Amino acid sequence: MAGVSLAVTGATLDGSRVALRTEGGRIAAVGPDVEPGEGDEVIDAAGMRLVPGLWNSHTHAAMTLFRGYGDDMPLMEWLQKRIWPVEAKLDAEDVYWGTRLACAEMIRTGTVGFWDMYWQPGATARAVADAGLRAVIGAPLIDGGDPGGGDKVGKVKADVERSFEELGDPGDRVSRALAPHAIYTVSEQSLRWIGERGAADELPIHIHLSETEKEVDECVAAHGVRPAEYLDRCGVLGPRTLLAHGVWLDEAELELIAERGATVVTNPVANLKLAVGGVFPYPAARERGIGLGLGTDGPGSNNSLDMFEQMKFLALIQKHTAADPTVAPANEVWRIASGAGSPLVGASGELRAGEPADFLLLRGAPELALGDPTSELVYAASGASVVDTTVVAGRALMRAGQVAEMDEIRARVVERAKRLGIA
Ligand SMILES: [Zn+2]
């Protein structure tokens, strides 16, 4: 869509009336005196608020297929009895339509980009390209972990090459990541190789870390150190590393993560739903200046993809745990959700000339009538209640709350779920 230009007029940004123009996917100008250019698609945003879009920094988008399939079960039982048997049958079309459904929900609730870890990455990339969102995509890398024989590094290498081949040249809005699933499903030798490959090609590394206490205990028993220390020993902990969960990180691990410049993405709703028994140590992480992101985790285990809901849960669980209502204030939570809490995640959280043209127009909803504008977004709003327009790379993916092709996407997802025997 290069060359498409868009103008938004009469919007309110930080309390002032502004217009905004985009060109070539970036913000060309924003301010009170900006006028639409010739040929611009013009959106009259009178009465609407202009805010940056949100980044869902850890998910498995295609798992919309499994939403509601085995809720209220223990994690391992859910995986073994429900998810893994069906995942073994997944094909590219299943993943494509599952991801399209996820993208439609994300667009509807104001998410402009996401970090994804799932099978059939080529199908995910195609869905993201067709939906118009941004994504950082990595196929899960799993080799059975330690111990065990066979050429584990060879398998992981082949999986990476195949996934990169599938992704091809992913274009402007999609980028590639290495996504070792977790320290308990990938062997030490493969983690070392992934660390080297990531450094050599400057690729992001997206991994689950310290989601459960069991993972920590097993890591200490097997390797003599806690998970973050172990990852560091494998050469995987660096400024391009994104750690999903981090529930059980201790002070020394947080110190190490801060030193290495890695990012932690917290998934408060998924952690609560799966009852992991702990809470990400947000105050200690923030004190050390650790890069932070916010995610939903997969829609099979959340089950929502609405980042507004995640914001409220993040703020509330942190306040409650600290017995201190000043912890995780609304402005911090908003910054993290908009991708500005970490240089790795993907956005500055600022709407100014030169930045990617990724933004939302919020309608004059009752929730936004009075009070502190950011508090309203974190504590009172839901995505579907307030997001009117979602723009990514200068293209309006939703206007007036209507996402294109919604009926077809729903019908195709039901078809795919029937094929898989889960609907
Ligand atoms: Zn996950």
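The table below lists the values:
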quantity: Residue list for the stretch 127-167, given a label point 7 angstrom along the Cα-to-Cβ vector of ALA222 and an amide N cut-off under 11 Å; calculated: 143-148
quantity: Potential extension, LYS89-GLU161 segment - 0.36 nm per residue separation minus Cα distance; calculated: 23.7 nm
quantity: Per residue, in Å², the accessible surface of the stretch 242-294 once ligands and nucleic acids are set aside, probe 1.4 Å; calculated: 33
quantity: Burial order of peptide ranges 266-277, 287-298 (average beta-carbon count within 10 Å, highest first); calculated: 287-298, 266-277
quantity: Mean Cβ count within 10 Å, highest first, over the residues of peptides 234-244, 57-67, 336-346, 71-81; calculated: 57-67, 336-346, 234-244, 71-81
quantity: By accessible area with a 1.4 Å probe, ligands and nucleic acids excluded, highest first: order of ASP172, ASP372, ASP324; calculated: ASP172, ASP372, ASP324
quantity: At q = 0.07, 0.11 Å⁻¹, base-10 log of I(q)/I(0) for the chain (Debye sum, equal scatterers on each alpha carbon); calculated: -0.32, -0.81
quantity: Alpha-carbon centroid distance for the pair the stretch 1-70 / the stretch 298-322, whole angstrom; calculated: 24
quantity: Probe 1.4 Å, protein heavy atoms only - accessible area per residue of the stretch 64-135 in square angstrom; calculated: 34
quantity: Apportionment of accessible area to carbon and sulfur, the chain, percent (1.4 Å); calculated: 50
quantity: Cross-link reach list, lysines versus LYS214, counting only Cα pairs under 30 Å and skipping chain neighbours closer than eight places; calculated: LYS81, LYS89, LYS152, LYS155, LYS157, LYS273, LYS312, LYS319
quantity: Nearest 10 degrees, 0 to 90: helix 213-223 Cα axis against the chain principal axis; calculated: 50
quantity: Dipole moment magnitude, nearest 20 debye, the stretch 313-398 about Cα centre, only Lys, Arg, Asp, Glu C-beta charged; calculated: 140
quantity: Nearest-ten-degree value, helix 92-108 long axis tilted from longest Cα axis of the chain; calculated: 40
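The values are calculated or read from the model by the stated rules, or taken from the named source; none is laboratory data. None of the values given here were measured: they were computed from a predicted structure. Cβ atoms come from the backbone with ideal geometry, glycine included; neighbour counts cover every protein chain shown. Accessible surface areas use protein heavy atoms only, side chains included; no ligands, DNA or RNA. Shrake-Rupley method; radii C 1.70, N 1.55, O 1.52, S 1.80 Å.
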